[in-house]
Amino acid sequence: MEINPVEIQGAWRLGWALDVHTTSSEFLGYDAQGHAQFDTRRSPLGELVYQLKYRGQNTADRVADVMAEFFDNKPVLGRIDLVVPMPPSAVRAAQPVIQIAQQLAEKLSKPIGLDAVKKTRETPGLKGIQDREERRELLDGAFEADPSQLKGKGVLLVDDLYRSGATANAVTLALLSGGAARVYFLAATRTRSNT
């Protein structure tokens, strides 16, 4: 699968998003129930993530394949000791980011830290909040890491969709405070805008 990775900056040492999630989205109008309707087109990887998150399709293995291939011949792989999924932002029967991280850890032959970092309190959805400082304040102290799993380790923080980086930065800081020696970040997809 062809991807268009970009390096993204944050509290982590190195970070990447492998492709855009959507390539275009055209407003079509409202349906009979008054819900906005869009003609949305996605990148191939974005479509796999969408099918996993919103259609219940089992595409985590295919997403993880693409993520694992990205690390082929990259020296950073040798600096990763533990794969950690982003704490999920919404309650779902099956958590896509956890499914992807589990598959990726297996493909990279690395252990997974499913509970290496957790939310300490509920946080509001950030989708409608444009102000970066307000996002940071809402996330301040919202995550806690387990030092017994992290002490001195190189961590790969995995996400399915990168938007502004506010949550990923907050989680990275928690991982570092919890004793991680270094954190790398990898998102399958990213939004076209960072708000």
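The values are calculated or read from the model by the stated rules, or taken from the named source; none is laboratory data. Quantities reported herein were computed from a predicted structural model and do not represent experimental measurements. Here the Cβ positions follow ideal geometry from the backbone for every residue, glycine too, while neighbour counts run over all protein chains shown. Ligands, DNA and RNA are stripped out before the accessible areas are found, and what is left, the full protein with its side chains, is counted by its heavy atoms. Shrake-Rupley method; radii C 1.70, N 1.55, O 1.52, S 1.80 Å.
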message: Past 26 Å, Cα to Cα: identify those pairs from Lys53/Lys74; Lys74/Lys119; Lys107/Lys153; Lys74/Lys118, in the order given.
response: Lys53/Lys74; Lys74/Lys119; Lys74/Lys118
- line: With R₀ set to 25 angstrom, the calculated FRET efficiency between the beta-carbons of Arg41 and Ser89, to the nearest 0.05, is 0.55
message: I want the local charge near Glu144. Using Cβ-Cβ distances under 9 Å, sum +1 for each Lys or Arg and -1 for each Asp or Glu among the other residues.
response: +1
statement: Residue-ordered couplings for segment 159-164, obtained by feeding phi - 60° into the Karplus form 6.51 cos²θ - 1.76 cosθ + 1.60 and rounding to whole Hz (Gly and Pro as x), are 9, 8, 9, 9, 10, 9
- prompt: Near the amide H of Trp16, under 5 Å away, which other amide H atoms are found, from residues 5 or more places off or on another chain, if H is placed in the peptide plane?
  reply: Ile8, Phe185, Leu186, Ala187
query: Can you give the helix-only mean residue ellipticity at 222 nm for the chain, where every DSSP H stretch with n ≥ 4 adds -39500 (n - 2.57) and the sum goes over all residues, rounded to the nearest 500 deg cm²/dmol?
result: -9000 deg cm²/dmol
- prompt: What's the angle, to the nearest 10 degrees (0 to 90), between helix 96-108's Cα axis and the longest principal axis of the chain?
  reply: 50
statement: So the FRET efficiency between Phe70 and Gln9, C-beta based with R0 = 25 Å and rounded to 0.05, is 0.90
query: Any idea what angle helix 60-70 forms with the longest principal axis of the chain, computed on alpha-carbon atoms, 0 to 90 degrees, nearest 10?
result: 60
- prompt: How much of the accessible area of the chain, probe 1.4 Å, is carbon plus sulfur, in whole percent?
  reply: 46
- line: Helix 166-177: inclination vs the chain longest Cα principal axis, degrees, rounded to 10, gives 10
statement: Taking a probe of 1.4 Å and leaving out DNA, RNA and ligands, the chain shows per residue an accessible area in Å² of 52
field: Cβ-derived FRET efficiency at R0 30 Å, Glu106 paired with Arg79, nearest 0.05
entry: 0.95
